[in-house]
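Please read the structure below before turning to the comments.
The values are calculated or read from the model by the stated rules, or taken from the named source; none is laboratory data. On a predicted model such as this, the values are computed, not experimentally measured, just so you know. Neighbour counts run over all protein chains shown; Cβ positions are idealised from the backbone, glycine included.
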Amino acid sequence: MARVRVDSLRKEYDVGTVVAVDDLDLEIEDGEFVTVVGPSGCGKTTTLRMLAGLEEPTDGRIEIGGEDVTDVHAKNRDVAMVFQNYALYPHKTVFENMEFGLRMSTDLEEKERRQRVVETAEMMDIEELLEDRPDELSGGQKQRVALGRAIVREPDVFLFDEPLSNLDAKLRTSMRAEIQRLQDELGITSVYVTHDQHEAMTMGDRIVILNDGKLQQQGEPTEVYENP
Ligand code: ADP
Ligand code: ADP
């Protein structure tokens, strides 16, 4: 768990032609689940990618757990990201997909890595899938694996980029409950980007609304949607 702090974060693409994120300030408490909403192109994904270390800010500062990580490479940040398109390695089995990140980011022995993967797979109810490859899985199974792969690393921060958008309504509902269960159990600081207001309302301790790269409004779900 860790507190996240963003100071005057800015991202320009194409040498200032596009200002994707415009001097954004944000504070996220330890264990808080924040949902981020806003129209397409308002800078949600760019913000998330900068938190993950996948995109370099033009300006500003990112702190995770009190440490300035602005210039820290993605693989050296204790964050795990879950993507809309799952981003699983197609040629690796589910086990290998889950184990790979652990191998890269920790110095655990092989036996401990195996144990952590199996325990997480049991928690996510995917232990039957460990020897399968992604193309043998349904969309819902792939997203459970992607979640499992993020959880197994025991990150300080979870970053979710519209993880349920590719699932049908029924699966979306059950995965939403699953993510909430994990949040209750693990209490990991989470930033969850979605374009679905209902999802933002039901999942977030707090909702952050971005517009044109800026913070438009933030507050508890009832505050935000009662005073638009
Ligand atoms: P959102 O996730 O809210 O849809 P994005 O962060 O993807 O918003 O995009 C914010 C703005 O930055 C948009 O105008 C988008 O077109 C632009 N943008 C995003 N990625 C790039 C890129 N790699 N190169 C140029 N412009 C980009
Ligand atoms: P999202 O809505 O989730 O941000 P997009 O479809 O906007 O997804 O963007 C998908 C990918 O395309 C991202 O990696 C983003 O960086 C890139 N992208 C978005 N807009 C542009 C752009 N104007 N020029 C180049 N790349 C872009």
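Every test in (1) modelled with pLDDT of 90 or more; (2) within 16 Å of ligand 2 (Cβ to nearest atom); (3) among the small types (G, A, S) is passed by S165 save one, and that test is (1). Return the pair list, or none, for Cβ contacts closer than 6 Å from residues in segment 126-137 that are in a helix (DSSP H, G or I) and aliphatic (A, V, I, L, M) to residues that are surrounded by 15 or more Cβ atoms within 10 Å (Cβ to Cβ) and modelled with pLDDT of 95 or more, at least 6 apart or on different chains. As it stands, the answer is L129/V94, since those pairs meet every condition given. Residue selection: G60 fails the criterion of being in contact with a His (Cβ under 7 Å, 6 or more places away or on another chain) and modelled with pLDDT of 95 or more. Give the residue that is nearest to L186 (Cα to Cα), with candidates limited to residues of segment 1-35 that are without any contact (Cβ under 8 Å) to a residue 40 or more places away in the chain and among the aliphatic types (A, V, I, L, M). Only one residue tops the list, namely V18. Counting only strands (runs of 3 or more DSSP E) that fall entirely inside segment 150-219 and contain at least 1 residues that are under 15 Å from V82 (Cα atoms) and of a type in the set (F, W, Y), the qualifying elements are 157-161, 189-193. Does segment 29-39 include one or more residues that are at pLDDT below 95, loosely packed, with under 14 Cβ neighbours inside 10 Å and within 9 Å of ligand 1 (Cβ to nearest atom)? Taking every residue of segment 29-39 in turn, at least one turns out to be at pLDDT below 95, loosely packed, with under 14 Cβ neighbours inside 10 Å and within 9 Å of ligand 1 (Cβ to nearest atom). When E56 is tested against (1) loosely packed, with under 14 Cβ neighbours inside 10 Å; (2) more than 16 Å from ligand 2 (Cβ to nearest atom), just one condition goes unmet, and that condition is (2). Taken over segment 57-96, the criterion of being without any contact (Cβ under 8 Å) to a residue 40 or more places away in the chain and among the aromatic types (F, W, Y) is satisfied by F95 alone.
Tell me, yes or no, whether segment 87-105 has at least one residue that is surrounded by fewer than 19 Cβ atoms within 10 Å (Cβ to Cβ), within 16 Å of L26 (Cβ to Cβ), modelled with pLDDT of 95 or more and among the charged types (D, E, K, R). The answer is no; no qualifying residue exists.
Applying a threshold of 6 Å to beta carbon distances and a minimum spacing of six or more residues, or different chains, the list of pairs starting in segment 43-56 at a residue that is over 17 Å from A150 (Cβ atoms) and ending at one that is within 9 Å of ligand 2 (Cβ to nearest atom) and β-branched (V, I, T) reads K44/V193. A single entry from G187, G139, G213 fulfils the requirement of being within 16 Å of ligand 1 (Cβ to nearest atom), within 20 Å of the chain's Cα centre (by Cα) and either closer than 30 Å to D7 by Cα or not β-branched (V, I, T) (or both): G213.
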